Each structure stands twice: as structure tokens, then as C-alpha cells.
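A.B. asks: Below you will find the structure I want to go over with you.
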Amino acid sequence: MAKGLPYERLDEITPEGGRDVCPSVVVVGNLDGVHRGHAAVLRAAVQRASRDGLAAYVLTFDPHPSVVLGRPEPPRLTTLTRRAELARSFGVERVFVRTFDAEFAAWSPLRFAKELLVQKLLAHEISIGQNFRFGAGAEGDFSKMVLLGKSLGFETTAHALVGDEQGPFSSSRVRAAVAAGDMETAERILGRPLALSGVVEEGKKLGRTLGFPTVNLGRIPEMLPPDGVYAVLVDQLFPDAQNSVRSLALGAMSIGLRPTLGEGLARTVEVHLLDFDGDLYGAYLRVHVVERLRGEERLAGLDALKAKIAEDVAETRRILRDRHF
């Protein structure tokens with residue numbers, strides 16, 4: 001495992017285990033979002049591994065297979081690092097990442113199962129979704145994996161479907177909720193608020209002149225909700241210190257084109273940190289998006305904007321008063 005990272009590149013694992021790989025139960029999948037359905041699968045795998053004296057592992061892929069196969073990549077809900085952190089929070093011992101490239105996409109289902117699952121991860125049991133496809137031309141499916149398991153010596157189980165009255169929990173449902181600005185539904189499916197991560201960059205400092213200084217968050221890899229104002233919880237990340245996290249502040253986040261300030265401005269993500277005063281330039285932040293307050297509005301001028309921000313801050317305090325980091 002590279003220093004500070006919660007995952008390991010499977011490309012660097014030698015056949016027949018290596019790196020102290022143990023006989024295992026392996027959950028295979030993209031797991032974007034690590035939502036409540038994924039959580040149920042991970043917990044079940046950890047329980048089975050504990051019962052049978054095996055290790056619990058995850059095998060995931062990067063970049064998303066769509067990138068290599070020429071299809072549009074789905075908007076990302078979690079970074080690779082965050083996926084691995086969340087998977088391990090459910091008791092998974094190790095998360096392995098296989099680089100998905102054109103060469104790997106051409107592997108046969110047999111090679112996939114034999115080299116990755118049996119030889120590298122010493123799998124005794126595989127847990128995959130009913131719609132999981134693998135191997136060249138997506139030839140491999142659940143039935144194929146069951147047959148391969150019988151010949152190679154591992155069991156294959158299907159992910160149990162976990163959901164609500166609207167259907168199974170899924171990453172696509174989370175994306176639809178986020179796209180609609182429905183952060184309550186996104187949180188219900190994820191089991192936690194959607195999180196955005198990025199680096200604090202230099203801004204125009206207009207918020208400071210209005211009495212509401214903001215940090216500008218750039219290089220955000222995750223899917224953004226619609227333009228508007230949101231109540232958020234803010235953490236500071238320390239990637240060079242074993243990915244440690246510090247709870248920072250409550251915040252009011254604005255996403256948008258700032259129409260009150262003029263035409264043709266670039267979209268920004270700005271966060272006013274409540275009751276916080278400090279220099280965060282260059283810092284890595286994680287912003288947990290709890291609730292959408294309103295859409296973006298064109299106001300009459302800076303005085304109206306200042307008054308509206310004051311209302312947003314008061315509403316943010318009300319929404320987040322019972323929320324904890």
C-alpha cells in the first residue's frame with residue numbers, strides 16, 4: 001500500500017498471493033458512492049469472512065471501465081481514495097485496485113477469474129452483483145462466474161438487493177437525486193450526506209468586503225448538485241498524514257455563476273465557514289452537503305446580496321444545529 005493511501009494497486013501483487021495476501025472473501029465491483037446497498041454487501045462479506053476464518057477484501061477498478069470502452073463516464077460520487085476509506089470503515093481489511101485499460105478489457109472471463117481472483121487474491125468466495133459483467137466483450141456474467149468458481153474452487157454469491165419503496169439502492173438513484181438538488185434523498189440512499197472534495201484556491205475576496213468571507217474550492221472531482229446555496233459540514237483533509245481528517249466548521253456553500261455580480265462569470269464553489277477565522281489557502285477540504293436552501297438568484301445589488309447571504313447563514317445555523325461531524 002502506498003504511503004497514506006487506503007488501497008493497493010493489484011497490478012503490483014504477485015501471483016499466488018504475495019504481500020501477505022490471505023485466503024479471502026472478495027467483493028468485486030465499482031462501488032461508486034458506497035451507498036447503503038454496498039454497505040449491506042460489505043458487512044455480509046466481513047461477517048462471512050470472520051465466520052470462516054478468511055480475510056475480507058474488495059476488488060475495484062480505476063479508471064471507470066466506460067472511459068476505456070468509449071462510453072461516457074457516469075458522474076463520480078466518490079474518489080477512489082474515498083471509496084476505499086468507506087469500504088474499510090465497514091471492516092474490509094484491504095481494498096485492491098486493478099487498472100482498467102485496453103489490455104485488461106481484452107482478458108477472457110477465465111483469465112479474469114483465475115489470475116485476479118484465485119492466484120492474486122486467494123479467493124474462496126466471490127460476491128458480485130447479478131448484472132456484473134467481466135471479460136472481453138462483457139462475455140462473463142453471474143452464471144459464468146458460478147461455473148468458473150466450480151472449476152477453480154471458489155463459491156459465487158450475488159449481492160443482496162437492499163432498497164426502499166422506490167426500489168433498490170443504486171449509484172444511479174443517488175446521481176438522479178443529486179442532479180435534482182434533492183440532498184435528503186441522496187443522503188437517505190448513501191447513508192450519509194454527499195461529500196465534495198477539493199483544494200482552496202485564491203478568490204476575488206468579495207465575500208470579505210460583504211462581511212461573509214468565503215473559501216473557493218477548486219479541482220472538485222465529484223458530481224456537483226445544481227447551482228444554488230447549501231447548508232454544509234466542512235472537514236479539512238491531510239493527505240500527507242495518513243489521510244487524517246479534522247472537523248472544521250459549519251458552512252453555507254454557494255455554487256453558481258454569481259449573476260448579481262455580472263454576466264459571463266465562471267462557475268465557482270464558495271463556502272462561508274461559520275465562526276471560523278484562519279488561512280486555508282492550499283488546504284484540502286471535504287464538504288458534506290446536507291440541504292439545499294435555495295436556487296441561485298440575480299439580486300438588485302451588493303446590499304441585497306449581503307442581506308440574502310445573512311438570511312442564508314441564519315437558515316444554515318437552524319438546519320445544522322442538531323447535526324454533528
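Only the coordinates and a few stated rules stand behind these numbers; no lab work does. This is a predicted model, so every value here is computed, not measured. Positions of Cβ are generated from backbone atoms using ideal geometry, with glycine treated the same way; all protein chains shown enter the neighbour counts.
A.B. asks: Among 33-40, 73-80, 93-100, how do they line up from the highest to the lowest mean number of other beta-carbon atoms within 10 Å?
C.D. replies: Output ranking for 33-40, 73-80, 93-100: 33-40, 93-100, 73-80.
A.B. asks: Okay, next question. Angle, helix 36-52 long axis vs. longest principal axis of the chain, Cα atoms, 0 to 90°, nearest 10?
C.D. replies: 40
A.B. asks: What is region 166-257 by shape, rounded, prolate or oblate, if you read a ≥ b ≥ c off the alpha carbon gyration tensor as root eigenvalues and call it rounded for a/c under 1.5, prolate for a/b larger than b/c, and oblate otherwise?
C.D. replies: Taking the square roots of the gyration eigenvalues as a ≥ b ≥ c, region 166-257 is oblate.
A.B. asks: Assuming 0.36 nm per residue, please report the length gained on full extension of the stretch L299 to R111 beyond their Cα-Cα distance.
C.D. replies: 61.6 nm
A.B. asks: Ok, one more. Students often check this: by mean Cβ neighbours within 10 Å, which of 127-140, 289-302 ranks highest, and how do the rest follow?
C.D. replies: 127-140, 289-302
A.B. asks: Can you divide the C-alpha Rg of region 89-171 by 2.2 N^0.38 Å and report the result to two decimal places?
C.D. replies: 1.19
A.B. asks: Taking 4 °C and 1.567 mPa s as the conditions, I'd like the Stokes-Einstein D for the chain in µm²/s, using the Kirkwood hydrodynamic radius from alpha carbon pairs.
C.D. replies: Answer from the Stokes-Einstein relation: 60 µm²/s.
A.B. asks: Short version: what are the Cα gyration tensor semi-axes of region 194-320, square root of 5 times each eigenvalue, largest first, in whole Å?
C.D. replies: Each semi-axis is the square root of five times an eigenvalue, giving 23, 15, 14 Å.
A.B. asks: Taking Cα pairs under 8 Å and at least six residues apart, what relative contact order does region 8-164 come out at, in percent?
C.D. replies: 31
A.B. asks: Relative contact order of region 194-320, please, whole-number percent, based on alpha carbon pairs below 8 angstrom and at least 6 residues apart.
C.D. replies: The value is 33 percent.
A.B. asks: Over the chain, what is the relative contact order in whole percent, taking alpha-carbon pairs under 8 Å and six or more residues apart?
C.D. replies: 16
A.B. asks: Would you work out which of F212, L305, V92 lies farthest towards the positive end of the dipole of the chain, given +1 charges on the beta-carbon of Lys and Arg and -1 on that of Asp and Glu, about the Cα centre?
C.D. replies: Looking along the dipole axis, the top candidate is V92.
A.B. asks: Just how large is the dipole of the chain about the Cα centre, in debye to the nearest 20, putting +1 at every Lys and Arg Cβ and -1 at every Asp and Glu Cβ?
C.D. replies: Here the size comes out at about 260 debye.
A.B. asks: Further, regarding this structure: Near K204, which lysines are there with a Cα under 24 Å away, not counting those fewer than 8 places off in the same chain?
C.D. replies: K306, K308
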